[in-house]
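Working notes, structure below.
The values are calculated or read from the model by the stated rules, or taken from the named source; none is laboratory data. Quick caveat, the model's predicted, so the values are computed rather than measured. For neighbour counting, all protein chains shown are included, and Cβ atoms are generated from backbone atoms with ideal geometry for every residue, glycine included. Heavy atoms of the whole protein, side chains included, go into the accessibility calculation; ligands, DNA and RNA do not. Shrake-Rupley method; radii C 1.70, N 1.55, O 1.52, S 1.80 Å.
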Amino acid sequence: MFKLLSTWATFQSSTLILLDGHPRLLVHLAECINPTSKAEVRSFILEKILLPLLDNCADLILPEEAHERLCQQGSNILIRLESAIKQETDQHVLEAAIQVIVALSQVVTVSSPELLQLCATLLRQPSRKVKPASKSQLLQVLNHAIPQTDMTDVIFDDVFSVVCSRDPSRG
(Lines give C-alpha, C1' and ligand atoms only; values in the text may rest on other atoms or scores of the structure.)
Protein backbone atom coordinates (compact mmCIF):
# COMPACT_ATOMS: atom_id res chain seq x y z
CA MET A 1 0.00 0.00 0.00
CA PHE A 2 2.82 2.43 0.84
CA LYS A 3 4.48 1.82 -2.53
CA LEU A 4 1.24 2.59 -4.33
CA LEU A 5 0.80 5.79 -2.33
CA SER A 6 4.40 6.78 -3.06
CA THR A 7 3.80 6.36 -6.79
CA TRP A 8 0.66 8.48 -6.65
CA ALA A 9 2.37 11.08 -4.47
CA THR A 10 4.96 11.80 -7.16
CA PHE A 11 2.37 12.94 -9.70
CA GLN A 12 0.83 16.38 -9.43
CA SER A 13 -2.30 15.13 -11.14
CA SER A 14 -2.98 12.71 -8.30
CA THR A 15 -2.21 15.12 -5.46
CA LEU A 16 -5.71 16.56 -5.26
CA ILE A 17 -7.23 13.11 -5.65
CA LEU A 18 -5.22 11.88 -2.66
CA LEU A 19 -6.12 14.90 -0.55
CA ASP A 20 -9.79 14.94 -1.53
CA GLY A 21 -10.32 11.19 -1.76
CA HIS A 22 -9.15 10.50 1.75
CA PRO A 23 -9.31 13.67 3.85
CA ARG A 24 -7.30 12.19 6.75
CA LEU A 25 -4.62 10.53 4.62
CA LEU A 26 -1.82 12.78 5.84
CA VAL A 27 -2.79 12.26 9.46
CA HIS A 28 -2.88 8.49 9.02
CA LEU A 29 0.53 8.56 7.37
CA ALA A 30 1.90 10.74 10.17
CA GLU A 31 0.55 8.24 12.71
CA CYS A 32 2.73 5.58 11.08
CA ILE A 33 5.84 7.60 11.95
CA ASN A 34 6.29 6.40 15.47
CA PRO A 35 9.21 4.79 17.28
CA THR A 36 7.61 1.34 17.12
CA SER A 37 7.77 1.36 13.31
CA LYS A 38 10.95 0.27 11.61
CA ALA A 39 13.31 3.04 10.54
CA GLU A 40 12.91 1.95 6.92
CA VAL A 41 9.14 2.39 7.14
CA ARG A 42 9.42 5.81 8.77
CA SER A 43 11.97 6.91 6.21
CA PHE A 44 9.86 5.61 3.29
CA ILE A 45 6.73 7.41 4.47
CA LEU A 46 8.60 10.66 5.02
CA GLU A 47 10.73 10.66 1.87
CA LYS A 48 8.61 8.82 -0.66
CA ILE A 49 5.07 9.84 0.30
CA LEU A 50 4.80 12.94 2.50
CA LEU A 51 7.66 14.93 0.99
CA PRO A 52 6.64 14.49 -2.69
CA LEU A 53 3.01 15.11 -1.80
CA LEU A 54 3.84 18.35 0.02
CA ASP A 55 6.21 19.41 -2.77
CA ASN A 56 3.37 18.95 -5.25
CA CYS A 57 1.05 20.96 -3.02
CA ALA A 58 3.60 23.79 -3.04
CA ASP A 59 3.65 23.77 -6.85
CA LEU A 60 -0.13 23.67 -7.23
CA ILE A 61 -2.78 26.25 -6.55
CA LEU A 62 -4.93 24.27 -4.16
CA PRO A 63 -8.68 24.76 -4.02
CA GLU A 64 -9.83 26.54 -0.86
CA GLU A 65 -11.29 23.38 0.67
CA ALA A 66 -8.14 21.31 0.10
CA HIS A 67 -5.95 24.11 1.48
CA GLU A 68 -8.08 24.43 4.62
CA ARG A 69 -7.95 20.66 5.16
CA LEU A 70 -4.19 20.71 4.73
CA CYS A 71 -3.91 23.56 7.24
CA GLN A 72 -6.00 21.65 9.77
CA GLN A 73 -3.98 18.49 9.29
CA GLY A 74 -0.69 20.39 9.36
CA SER A 75 -0.77 20.93 13.10
CA ASN A 76 -1.59 17.25 13.68
CA ILE A 77 1.28 16.22 11.42
CA LEU A 78 3.63 18.55 13.31
CA ILE A 79 2.61 17.01 16.62
CA ARG A 80 3.36 13.52 15.28
CA LEU A 81 6.67 14.64 13.78
CA GLU A 82 7.67 16.39 16.98
CA SER A 83 7.00 13.24 18.97
CA ALA A 84 8.92 11.13 16.47
CA ILE A 85 11.87 13.54 16.32
CA LYS A 86 12.27 13.63 20.10
CA GLN A 87 12.67 9.86 20.17
CA GLU A 88 14.50 9.44 16.86
CA THR A 89 17.90 7.78 16.87
CA ASP A 90 18.29 7.24 13.11
CA GLN A 91 19.88 10.33 11.52
CA HIS A 92 18.45 9.56 8.08
CA VAL A 93 14.91 9.53 9.45
CA LEU A 94 15.60 12.68 11.49
CA GLU A 95 16.77 14.54 8.37
CA ALA A 96 13.74 13.32 6.42
CA ALA A 97 11.43 14.54 9.20
CA ILE A 98 13.09 17.96 9.10
CA GLN A 99 12.58 18.10 5.33
CA VAL A 100 8.87 17.33 5.80
CA ILE A 101 8.57 20.11 8.39
CA VAL A 102 10.22 22.54 5.98
CA ALA A 103 7.98 21.42 3.09
CA LEU A 104 4.88 21.65 5.26
CA SER A 105 5.77 25.18 6.35
CA GLN A 106 6.07 26.21 2.69
CA VAL A 107 2.61 24.87 1.84
CA VAL A 108 0.56 26.07 4.79
CA THR A 109 0.96 28.72 7.43
CA VAL A 110 2.30 26.69 10.28
CA SER A 111 2.64 28.84 13.33
CA SER A 112 2.61 27.34 16.74
CA PRO A 113 4.72 27.64 19.86
CA GLU A 114 5.45 23.92 19.54
CA LEU A 115 6.94 24.44 16.07
CA LEU A 116 9.16 27.23 17.37
CA GLN A 117 10.37 25.11 20.28
CA LEU A 118 10.98 22.13 18.00
CA CYS A 119 13.02 24.25 15.59
CA ALA A 120 15.00 25.73 18.48
CA THR A 121 15.71 22.26 19.86
CA LEU A 122 16.85 21.00 16.47
CA LEU A 123 19.05 24.05 15.92
CA ARG A 124 20.85 23.31 19.19
CA GLN A 125 21.78 19.81 18.05
CA PRO A 126 25.37 19.21 16.98
CA SER A 127 26.16 19.21 13.25
CA ARG A 128 26.76 15.47 13.28
CA LYS A 129 23.10 14.99 14.24
CA VAL A 130 21.41 17.80 12.27
CA LYS A 131 23.23 18.90 9.12
CA PRO A 132 24.06 22.59 8.65
CA ALA A 133 21.89 22.73 5.49
CA SER A 134 18.93 21.50 7.53
CA LYS A 135 19.65 24.06 10.21
CA SER A 136 19.57 26.77 7.55
CA GLN A 137 16.15 25.55 6.44
CA LEU A 138 14.94 25.49 10.05
CA LEU A 139 16.00 29.12 10.41
CA GLN A 140 13.86 29.94 7.37
CA VAL A 141 10.93 28.15 9.00
CA LEU A 142 11.47 30.26 12.13
CA ASN A 143 11.65 33.38 9.99
CA HIS A 144 8.19 32.65 8.59
CA ALA A 145 6.64 31.34 11.81
CA ILE A 146 7.82 33.92 14.37
CA PRO A 147 5.71 36.87 13.15
CA GLN A 148 2.57 34.71 13.09
CA THR A 149 2.94 33.05 16.48
CA ASP A 150 1.88 34.32 19.87
CA MET A 151 4.81 33.47 22.11
CA THR A 152 5.14 33.33 25.84
CA ASP A 153 8.20 34.97 27.35
CA VAL A 154 9.78 31.54 27.89
CA ILE A 155 9.40 30.55 24.25
CA PHE A 156 10.58 33.96 23.08
CA ASP A 157 13.71 33.68 25.25
CA ASP A 158 14.33 30.14 24.01
CA VAL A 159 14.05 31.06 20.33
CA PHE A 160 15.96 34.30 20.82
CA SER A 161 18.84 32.53 22.55
CA VAL A 162 19.20 29.87 19.86
CA VAL A 163 18.96 32.34 16.98
CA CYS A 164 21.40 34.78 18.54
CA SER A 165 23.83 32.21 19.90
CA ARG A 166 27.31 32.11 18.52
CA ASP A 167 29.13 28.91 17.72
CA PRO A 168 32.13 28.89 20.11
CA SER A 169 34.13 26.70 17.70
CA ARG A 170 34.32 29.60 15.21
CA GLY A 171 36.32 31.79 17.57
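Observations, loosely collected:
- Solvent exposure, largest accessible area first (probe 1.4 Å, DNA, RNA and ligands not counted), of LYS48, LYS135, LYS86, LYS129: LYS86, LYS48, LYS129, LYS135
- Annotation: Cα Rg of region 1-83 relative to the compact-globule expectation 2.2 N^0.38 Å equals 1.03.
- Amide H partners (placed H, <5 Å) of LEU62, local residues excluded: none
- The chain: mean projected area of Cα convex hull, nm²: 10.1 nm²
- Shown are SER112, SER83, SER13, whose ranking by accessible area with a 1.4 Å probe and every protein chain present, most to least, is SER13, SER83, SER112.
- For the chain, the relative contact order is 21 percent, taking Cα pairs closer than 8 Å that sit 6 or more residues apart in sequence and dividing their mean separation by the residue count.
- About its Cα centre, the dipole of the chain is roughly 680 debye, where the only charges are +1 on Lys and Arg Cβ and -1 on Asp and Glu Cβ.
- Among residues other than LYS3 with Cβ under 14 Å from its Cβ, the summed charge is -1 (Lys and Arg +1, Asp and Glu -1).
- Accessible area per residue, Å², region 21-171 with all protein chains present, probe 1.4 Å: 54 Å²
- Along the axis of the charge dipole computed for region 1-85 (Cβ charges of +1 for Lys and Arg, -1 for Asp and Glu, origin at the Cα centre), the listed residues GLN73, ALA39, LEU25 are led at the positive end by ALA39.
- Taking the helices alone, the chain has a mean residue ellipticity at 222 nm of -21500 deg cm²/dmol, built from -39,500 (n - 2.57) per DSSP H run of at least 4 residues and averaged over all its residues.
- Cα long-axis angle, helix 132-145 against the chain (0 to 90 degrees, to the nearest 10): 80 degrees
- Rounded accessible area of GLU31 (nearest 10 Å², 1.4 Å probe): 70 Å²
- Against the chain, whose longest principal axis comes from its Cα atoms, helix 91-107 is set at around 80 degrees.
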